[in-house]
Structures are given as structure tokens and as C-alpha cells.
DNA sequence: GACTTATGACTGACTAGTCAGTCATAGTTG
DNA sequence: CAACTATGACTGACTAGTCAGTCATAAGTC
């Protein structure tokens, strides 16, 4: 029947590497399809039949790579978030060097990182999914708090405290509420997913404006 | 066709009978139960059987008061949000008086309103639901944009522009990005629903700190 | 009795997860 | 190289279960 068509894509351009080692190609296909479906419908309403269809794969295949729907979901989040965490750590590490980067510069870099790597990519949907489904997956919330949030918060808090002491920051407000630094980013993500079609938002400008407010004082004029 | 939406067994006339009062009591019972279930599980995963059980009502009764699951959901959001919008309008209206309230004072009042009426009540879950389910209910997102967001944004933008011109604000940044005023509020809501058990956040202090940063300049010292 | 309100068993559509079977390819043999 | 066997990635029809929405019936009220 029609089945013979092109289920098995001939690897274009050369070595038909051994099929059994190629399994991971499917894995990525499934993850990509899962990103589409989960971010469009949320965890509960996403159908694995649709994920399979979108990935050009039979439903059973999904279960060769992932234990169940929840594992697929969590793995998707992990795969998408890890590289960003890596980059974030690099930026924060630079901020601890002997000759440290000014805090304002660090803030700008984080903002750029966030806009370029998250808000203006499909990863913003991942963040939305974490925010959205987090309360329903306590393990997930705990994991993200332990592995990411608490580390970032305390790194930033330390840095901001020093900045306040050395006069780089006007007050210790940011050291007490490091959440304020990411607030515009979250807002931008939410805005973009809901209202951008009514009133587009320039996320980068928003974050730059926020940084300007945070740091603006005599050091400019 | 449009008139068919006559679900309320309560005729809005002057003297409702005891029976009708009972009826509307059920309605509220159902809405309260729905708030619990929807905010715990999200729209898709919430079960009407559970809503009924929680409201001590048979499942069929729900359909006497609401057309379907989605209507119940939307009505829940409407009922919870309307009063807050009313209060918000009152605050913003005062800001337009002949002898206007200083912007900083308005901002403080909005922050108080938000913390007292939303963040520290179950209504924070409603906001989370809107943020969470909004992208999946385009009608909902459009409704909230048209009826609430766009109005609040433009009211605030006008006010902030005047404040910038009259020197009350250092720059026109807030007029260009009124989103910045609510950013900490959204962040507080998300933090509270996910991470509060690991690291409690004082939402009021956060918002006051933010306002301090926004307005802090020579007017303090 | 007539009319309103409430019930909960039932139905039908829908879906996560399974598993017996297929088949392209790798390996082996002569 | 041709023929044969072995492997396991892949398939999709199927099962078992879930849940929104319905409706025949009951209970309450005037």
C-alpha cells in the first residue's frame, strides 16, 4: 500500500549510517513535535496521537524513547532549558572574576541573553509551560527551584549586595528583591503569548528601559 | 437565538422567593467549588464530577446554572475579576480629578489594591488561570485585552506622560512601558504559586520596593 | 396537579498506553 | 556475491479507562 512511501528517509548525501544508531534522530523529532503540541495545548490537553502525527512517527514509537507522557514532557523542558542555564552560569561566573564586570553590564548581558535565547525563540513557550504547569507538578517546581532559581537568586543577591556597598547601586533594594530583575522578562513572556497580536511589545526595549530605571542616577549625567 | 442565555433561575425582580434564593446559593456553591478545582488542576484536567462533589451537588445541577464547562470557567473568571476592575477604575478615576493625586500615591494605591485583593487572596489563582489558559482561549485573551488591559495601559500611559512632563517622573520610560508597573505583581503571583513554600516572598514589600526604585530621586532626600 | 429544581446513572466520544507483528538492515555462511 | 538468518526499531489496531454532557425520574413547592 501507500506505506512504502517515505517513512524511511534515505539519508541524503551519503553514508547511510547504521540505522540502529540513528534512533536518536527520531527522538529529536518527537521532542520537536512535543514542543509544538504541549505549548499549543498545555500538558493535559495535548494528545500523544497528535505528537506522533506531527513527528511522522507511530504512536508506539514515542514509548520506545520515553516512559510516558509525563516523562516526555519533563525531558522536553530539561533539554530546552539546560543550555540557557549554562549560558547564564557563564555570565554570572564572569561577574565573579578578580576584575569584575560592572553590575549594570552584567544585567545588560542577562537581559540580552534572555531576549535572544528565550523570549524571541520558542523557548518562551517552555518558560510559559513551566510557569503554567509547575503548580501541578510539585516535583518539577522543586527541581527548578533547587537547580536554577535558588542558585541564580543567591548569586545575584551576593553581587547586588556588593554593588550596593560599593556605591554601584543606590540602595540594597535589589539585593533584597532580586526577583525584580527578572520581573520584566516574565511580563514580556506573558504579554507576548497573549497580547502581542493586539499590541506588539519590544521585549528588548522593555528590559533595557527597566535596567535604565534600576541604575539611572548621577552616574549618567 | 441570542436570548436563549436565560440560565439564571433567579428572576431579577424585587422579591425573590425563598426557593430562588436557594437556587442562587447553589450557583455560588458551584462557583466556589469550580475555583478550587480549576485552580488546582487547570481547565483541561479539572473534572466536573469533582466540582459537583465539592459543591455537594449532583453533576446535572451544574448544567442548570451553566451551559457547559467552558461557560462555568469563563463565568468564574468574570465574577472574580469584575470587582477588582471596579476598584481599579475608582483609583484611576481619582487620579484624573481636578486636584490630582500624585502618581506615586496612585502607584502605591494600586500596589495595595493588588496585594490585598489579589495576591493575598485566592484571586491570585484566577490571574494565574487567565495567564495560564489565555493562549488556549483566544476569545478570553481578546476579551481581557479589550476590556481591561488596554484601558488600564492607556490610562496609566496618559498619567505617566503627564508626570514625566511635569517632572514628577525622571523620564518617560514608564509612559513608554506601562507594563513595568505590573511586572512585579505578576512575578509575585508566579513566585507565590510555585516557590513560596521554599522561600516565602513578601509581595507587599516587593511592590513597595519596586515603586521606590521607580520614583526614587531627589524628592526623597 | 402543574411547575420548578435537583438527581445520578448512563452514553458516547476520546485517549494514554500496549503488544503482536512487520520489515529494513546487519551479520553469517558457503 | 547470493542466500539465509537474526535483530530490534517501528508500527497501528486495540484495550481499558476517563469524563463532558444528557435525560428519565424524583422531590419539593404553590
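Every number in this text was worked out from the coordinates using simple rules, so none of it is lab data. What you are looking at is a predicted structure, and each value in this text was computed from that prediction instead of being measured. A quick note on method: Cβ atoms are made from the backbone with ideal geometry, for glycine too, and the neighbour counts reach across all protein chains shown.
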When chain B is treated as a Gaussian network with springs between alpha carbons less than 10 Å apart, the largest mean-square fluctuation among B:90, B:160, B:98 is found at B:98
Rounded to the nearest 10 degrees, the helix B:203-215 long axis (Cα) sits at an angle to the longest Cα principal axis of chain B of 30
The relative contact order of chain B, taking Cα pairs under 8 Å that sit 6 or more residues apart, comes to a percentage of 16
PRE zone check, label point 7 Å out along Cα-to-Cβ of residue A:139, amide N under 11 Å, scope region A:28-57, hits none
Two pseudo-spin positions, 7 Å from Cα along C-beta at residue A:162 and at residue A:202, lie apart in nanometres by 3.4
Semi-axes in Å, largest first, for region A:160-221 (Cα gyration tensor, √(5λ)) are 28, 14, 6
Expressed to one decimal in nm², the mean projection of the alpha carbon convex hull of region A:56-146 is 7.8
Log10 I(q)/I(0) at q = 0.28 Å⁻¹ for region A:21-66, from Debye over equal alpha-carbon scatterers, is -0.99
The protein assembly as shown, Kirkwood Rh and Cα Rg, ratio Rg/Rh at 1.02
Between the Cα axis of helix B:123-133 and the main Cα principal axis of chain B, the angle (0 to 90°, nearest 10) is 80
Counting all Cα-Cα pairs in region B:74-221, those more than 25 Å apart amount in percent to 30
One finds, for residue A:87 and residue B:96 with R0 = 35 angstrom and r their Cβ-Cβ distance, a FRET efficiency to the nearest 0.05 of 0.15
Over chain B, the sum of -39500 (n - 2.57) across DSSP H runs of at least four, divided by residue number and rounded to 500 deg cm²/dmol, gives at 222 nm -21000 deg cm²/dmol
Under a Gaussian network model of chain A whose springs join Cα atoms within less than 10 Å, the largest fluctuation of A:111, A:205, A:155 belongs to A:205
1/(1 + (r/R0)^6) with r = Cβ-Cβ of residue A:171 and residue B:172, R0 = 22 Å, i.e. FRET efficiency to nearest 0.05, evaluates to 0.45
Computed over chain B: longest principal axis from alpha-carbon atoms vs helix B:150-165 long axis, angle to nearest 10 degrees, is 10
Shortest first and in nm, the label-point separations between residue B:85 and its counterparts in the other identical copies (7 Å out along Cα→Cβ) come to 4.0
Sorting from shortest, the nanometre distances separating the label point of residue B:105 (7 Å past Cα along the line to Cβ) from those of the same residue in the other copies are 4.4
